[in-house]
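Engineer: A single structure is presented below for examination.
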C-alpha cells in the first residue's frame, strides 16, 4: 500500500489544485508525545498568499486538543487506495488506538512543523494555525500552509468526496475550459 | 437547457450531501433593483443545525455589495449541463451585463429570501448572512441555509469541481462504505 512515487515541492499558493475540488483529507497532528490522524471533509481554501485553508475540527475529536495546543497539523490527501483506512480513521478514536500503527500508515518527519506527514498520501500540506478566533464559536480553524509536498504521478489522483450516509463520490473525468477563461481568472 | 425535473424540499441539515464533495456553485443575489450571479468554489459546510455554510466572496466581485447589503443570497448547484454558463459567469462582471439574460438562466422567486433562485440548477439553497465578522479580514461570509430545494433526479448529479488553470474535475463513480461506519458517524 505504501506509495513509492517521489514527491516534489509545490508552491503553497497552488494547493487549491488539490483541496478546491472537495476531497476528504486526513489530518495528522502531534503534541506532548501523542499523535493522531482524523478524517476531515469540511474545509475550504481561503487565500492564495498567504496560503490559507479554513476547516472545521469538532471539539469532540481527540485531534482537537493536539492541534489547538501544538498550533500545527498536516493536511494529507488520500486517494481511493486508502478508502478503507480513511473510513476506519473516521470511525475510531485516537484516545483508544494509535492510528498510524492500526492502519499501517507511515509517519514521516515534516520540514516546517512537528506534526508527522502520512507517507502513503498523494499530497502533504504542512500547516500552522493562523487564526483561532472562530474556534470557540464554530470549531473553525484557519491554517496557513507553510510547505507542500505532492507526488509527481498520477497527475489527477483519484480522490474521495463524502456525501454523507457512508457514500463517497470518486473524482471522475477531467475537462478543460481554459480557452474560455480570462487570464487573470485562471 | 431548462431543467424540468420537479424539485422537493430538502431538510436544511442534509445540504452537506451536495456541498461537501466540493462542487463549484452559482451564487445569485439581488439588492436595490440590481441582481447578479457569480461562480464560487471556495466554500465549506460548517454545521448541521443551524445549517451553516462558510464561503469566500472577494471584494472585487459585483456580487459582494449586493450580498453584504441585502444579507442574503442563494447558492445554486449547477451540473455539467451548465459548464459553459458557469465558466462564462465566472469570467464576466455583473457591472456590465445581466447574467440571467446573457446566459439564458431563469430567475425564480425564492421562498424565504428576496434573492432569486436559478431554475436550471439541480439544487437551490436559500441563505441568510449569519456572521460577517470575518468579512473585512478574509472576505469570509458565514451563511445560514434557511430553505433548500433539490431536483428529484438524478440521484447523483454530475457536478463540476474546479482545480484551477481552467480545468474541472467532474464527479465520478459512487461507492458506499456504509457498513464500515458507526451509526453516529454517518
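Coordinate-derived values only; no laboratory data. Here the structure is a predicted model, which means the values were calculated and not measured. Every residue, glycine among them, receives a Cβ derived from its backbone with ideal geometry; neighbour counts consider all protein chains shown.
Engineer: Which one is surrounded by the fewest Cβ atoms within 10 Å (Cβ to Cβ), of the residues in the stretch A:72-117 that are under 15 Å from the mean Cα position of the chain (by Cα) and within 17 Å of residue A:9 (Cβ to Cβ)?
Structural biologist: This residue is A:108.
Engineer: Across the stretch B:36-55, which residue is farthest from residue A:138 (Cα to Cα) among those that are touching a helix residue (DSSP H, G or I) at 6+ places or on another chain (Cβ under 7 Å) and touching a residue at least 40 places away in the same chain (Cβ under 8 Å)?
Structural biologist: Checking each candidate, the answer is B:36.
Engineer: Now a separate question. Can you list the helices (runs of 4 or more DSSP H) found entirely within the stretch B:8-107 that contain at least 2 residues being closer than 24 Å to residue A:43 by Cα and within 8 Å of chain A (Cβ to nearest Cβ)?
Structural biologist: Helices (runs of 4 or more DSSP H) meeting the threshold: B:16-19, B:83-90.
Engineer: Among the strands (runs of 3 or more DSSP E) confined wholly to the stretch A:119-186, which include 3 or more residues that are more than 7 Å from chain B (Cβ to nearest Cβ) and farther than 29 Å from residue B:50 by Cα?
Structural biologist: A:123-131, A:140-151
Engineer: Condition test on residue A:116, is it in contact with a strand residue (DSSP E or B) (Cβ under 6 Å, 6 or more places away or on another chain), within 14 Å of chain B (Cβ to nearest Cβ) and in contact (Cβ under 8 Å) with a residue 24 or more places away in the chain?
Structural biologist: Considered against the rule, which asks whether it is in contact with a strand residue (DSSP E or B) (Cβ under 6 Å, 6 or more places away or on another chain), within 14 Å of chain B (Cβ to nearest Cβ) and in contact (Cβ under 8 Å) with a residue 24 or more places away in the chain, residue A:116 comes out as no.
Engineer: Name the residue, out of B:20, B:14, that is more than 27 Å from residue A:48 (Cβ to Cβ), touching a strand residue (DSSP E or B) at 6+ places or on another chain (Cβ under 8 Å), in contact (Cβ under 8 Å) with a residue 12 or more places away in the chain and surrounded by fewer than 22 Cβ atoms within 10 Å (Cβ to Cβ). Talk me through it step by step, then tell me what you get.
Structural biologist: On the way: B:20 fails: more than 27 Å from residue A:48 (Cβ to Cβ).
Within the list B:20, B:14, the selection yields B:14.
For every residue, the table says whether it meets (1) touching a helix residue (DSSP H, G or I) at 6+ places or on another chain (Cβ under 9 Å); (2) closer than 21 Å to residue B:161 by Cα.
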site	(1), (2)
B:74	no, yes
B:86	no, yes
B:94	yes, no
B:103	yes, yes
B:112	no, no
